[in-house]
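Data first, discussion second: the structure below is written as structure tokens.
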Amino acid sequence: MTNSRRKGKAGEIELAKELRKYGFDTRRGQQYCGANGDADVVGIPGLHIECKRVERLNVENALRQAEADAKAGEIPVVMHRANREEWKVTLRLKNFMEVRHD
């Protein structure tokens, strides 16, 4: 496994663990089937999560990837962080407005 793939897998595991701290039953999306187009992290209904664990992120490309892979009715989001930084969430304003604030 290449270093970038290993880092990506580690980032997905780390993000899933972090989201579980907030009460979500999350796991790596490709953990079992490895199919292309699956979200990197699954377990939050209505979201298609693209996980990026990189120092320099091309946000627009990451969002386009999430949008292309999201299924109908899913909000595409990119969750990302660099070394020694906190996790961040990026999504388009129109998609943010779809998030219910109950």
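The values are calculated or read from the model by the stated rules, or taken from the named source; none is laboratory data. Please read all numbers here as calculations on a predicted model, not as lab measurements. Note that we place each Cβ from the backbone using ideal geometry, even for glycine, and neighbour counts take in every protein chain shown.
Residue-wise test of (1) of a type in the set (Val, Ile, Thr); (2) within 13 Å of the chain's Cα centre (by Cα); (3) modelled with pLDDT of 95 or more.
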| residue | (1), (2), (3) |
| --- | --- |
| 49 | yes, yes, yes |
| 74 | no, yes, yes |
| 79 | no, yes, yes |
| 92 | no, no, yes |
- Item | Within the stretch 1-38, considering residues that are modelled with pLDDT under 95, under 13 Å from the mean Cα position of the chain (by Cα) and in a loop (DSSP other than H, G, I, E, B), the one surrounded by the fewest Cβ atoms within 10 Å (Cβ to Cβ) | 37
- Task: Give the residue, chosen from 47, 57, 15, 19, that is out of contact with any Lys or Arg (no Cβ under 7 Å at 6 or more places or on another chain), within 23 Å of residue 99 (Cβ to Cβ) and touching a residue at least 60 places away in the same chain (Cβ under 8 Å).
- Result: 15
- Message: Looking only at the stretch 47-83, how many residues end up being crowded, with 22+ Cβ neighbours inside 10 Å and in a helix (DSSP H, G or I)?
- Response: 1
- State the number of residues belonging to the stretch 84-94 that are surrounded by fewer than 17 Cβ atoms within 10 Å (Cβ to Cβ), touching a residue at least 12 places away in the same chain (Cβ under 8 Å) and of a type in the set (A, V, I, L, M, F, W, C). 2
